[in-house]
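Values quoted throughout were computed directly from the atomic coordinates according to the rules given, and no laboratory measurement underlies them. What you see is a predicted model; the values in this text were computed from it and never measured. All Cβ positions, glycine included, derive from the backbone under ideal geometry; neighbour counts span all protein chains shown.
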Amino acid sequence: MTALADGTRPAVPGPPSEADVAEFRRLHQRLGDAVELAVHGKRATIDLVLVAAVAGGHVLLEDVPGTGKTTLARAVARALGGEMRRVQFTPDLLPGDVTGTTVFDPRSGEVRFRPGPVFSNVVLADEINRAAAKTQSALLEVMEEHTVTTDGETRAVPDPFLVIATQNPVDLDGTYRLPEAQLDRFLIRTSLGYPDAEHELDVLRPGSSAGRIGDVPVVSSPAEVATASRALTHLHVADPLLRFVREIGVAIRTDPRVRLGASTRGLRALVRCLQVYAASQGRHYVVPNDVQRLAEPVLAHRTVLTRDALLAGHRPIDVVHEVLDVVHPPQPDQG
């Protein structure tokens, strides 16, 4: 660590206090309650999206049209108090349509940069698997670097920056599966799915607030979320739980049905999600149940099966669940 000018060393940020965690839990609850006014009956998915937003990651929603993906993204953006932009991915979409491009201004005679839709707090990348690989890569580069570079100049996107990408099931016409390296850029993959009978009836009932973004209150600000994100990077994760996470990763990689398992980056993503999720539950520490709750949405899309396993009907989700049944969590006296 580099010493300061006066010879002292900069203070190392400590873990968040119990008061900090309690404050974040209230923030998470407010955000979830606000989004749920427009997206009924999907609190578990809402919580996952909020975890990704605070953890500094991105979300891939794989769903058929009409299940509320756009509504979810708009509601999250409104509750956060940030700006939301939507990009409809099509085969003819160009990278500059996503990141922005330089244009000539005839009035001033100058070339200036016109920001693309990625310069917002929440970006909805609708049907990302319909676009050409070059356009997909342009978005994924911004997701990783949080910057856009054009003509030698680097511009930062807003903080927090959350991409909610949707992907149609691959059996629909005109869709192409995202490569494994691109899937790894998403912190979480999940789905909304159809609501249960009670909530679907509520959505169908005349006068329902479902889908009405105007009813979603602004309950936070991008600055507040960014501050919480930085604080929670230091939330305590005990060594036995870190070993538990690694053992899960190793068990997935060595499964004979798996061609490619979660990388070390994928396991770090899981640890980051665990920190935020634990704080959202009002705890300043992670417990094994947190790992079992988040392993599927964080690791399943990073698990690639062999061709024989796919032909036999196995799914990455099944592999993750079976590994969780086999790998034993640490006992209380180990923490």
| request: Using +1 at the Cβ of each Lys and Arg and -1 at the Cβ of each Asp and Glu in the range 15-230, identify which of T150, P65, F104 lies farthest towards the dipole's positive end. | output: F104
| query | In debye to the nearest 20, how big a dipole does the chain give about its Cα centre with +1 on each Lys and Arg Cβ and -1 on each Asp and Glu Cβ? | reply | 280
| field | Kirkwood hydrodynamic radius of the chain, from inverse mean 1/r over distinct Cα pairs, in Å | value | 21.4
| In whole Å, what is the distance between the alpha-carbon centres of the range 293-309 and the range 66-108? | 29
